[in-house]
Amino acid sequence: ESAQRLEFEKVFGRACLYLIAALCREVSFADRGRFVGVFFDECWWLTSSVEGQELLLEQIRDGRKHFAGAFLGSHDPADFGNETIRGLLSHRFLFRHRSPTLASRGLEFLGLDAAEPGLVDLVTKELSPVHGNPVERERRAGECLYRHLTGSVDQVKILLPPVPRIAEAITTTPVE
């Protein structure tokens, strides 16, 4: 088993992350009078183990009855876990990618034709441009493709909230 090859620190770290995710599930399920979202960014750390996938599947399946939701983020849809977990994700966003391979995987995840060169170019070159005028880049930040409950896919733009302290927290890049 791969866990036997991992250093103790890595096994302990993964166990701590799993425990935090399990605590988040418990907190999110505790109060049905208030919606609670649990965010798993770079979620491969959770879905890379059977236990993590089971915990995430429970969060997604039982979340509806507990008025809780799971929000997953990753560069690759394969990181979202098994086919069941990916199938239960009804709202899907695809942001800019520099890699045509990852862009194609994201397009497939949205249910679009990943072989369509125009779509790959849209994701790798057109969404939220990274080159050119800084004002234009800032104005177009947050562009993405969004597949909603009906299965339709639209190009949308995610806006920062108009609360300065929250917007600042979102756009802050941690320093070492």
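FYI, it's all coordinate maths here, none of it is from the lab. Predicted model, so just to flag it, every value in this text is computed and none were measured. Neighbour counts run over all protein chains shown; Cβ positions are idealised from the backbone, glycine included.
Measuring how big the chain is from its alpha-carbon positions, Rg and Dmax come out at 18.0, 51 Å. Each label was represented as a point 7 Å from its Cα along the Cα-to-Cβ direction; for ILE20 and ARG165 these points are 2.3 nm apart.
The reciprocal of the average 1/r between distinct C-alpha atoms defines the Kirkwood hydrodynamic radius, which for segment 22-106 equals 13.4 Å. Computed extension length for ARG32-GLU126: 29.7 nm, one decimal, from 0.36 nm per residue of separation with the Cα-Cα distance subtracted. If both residues of a DSSP beta bridge must be in the chain, then about 60% of such bridges are antiparallel. In the Gaussian network model of the chain, springs joining C-alpha atoms below 10 Å, which of ALA115, ALA78, ALA68 carries the largest mean-square fluctuation? Result: ALA115 has the largest fluctuation of those listed.
Please check: in the Gaussian network model of the chain (C-alpha springs, under 10 Å), which one of PHE40, PHE93, PHE67 has the largest mean-square fluctuation. Highest fluctuation among the options: PHE67. Between the helical axis of 100-110 and the longest alpha-carbon principal axis of the chain there is an angle of about 70 degrees.
Once both labels are positioned 7 Å from their Cα atoms along Cα-to-Cβ, the gap between VAL175 and GLU54 label points is 4.4 nm.
Result for the chain in a Gaussian network model with C-alpha springs under 10 Å: among SER90, SER128, SER28, the largest mean-square fluctuation is at SER90.
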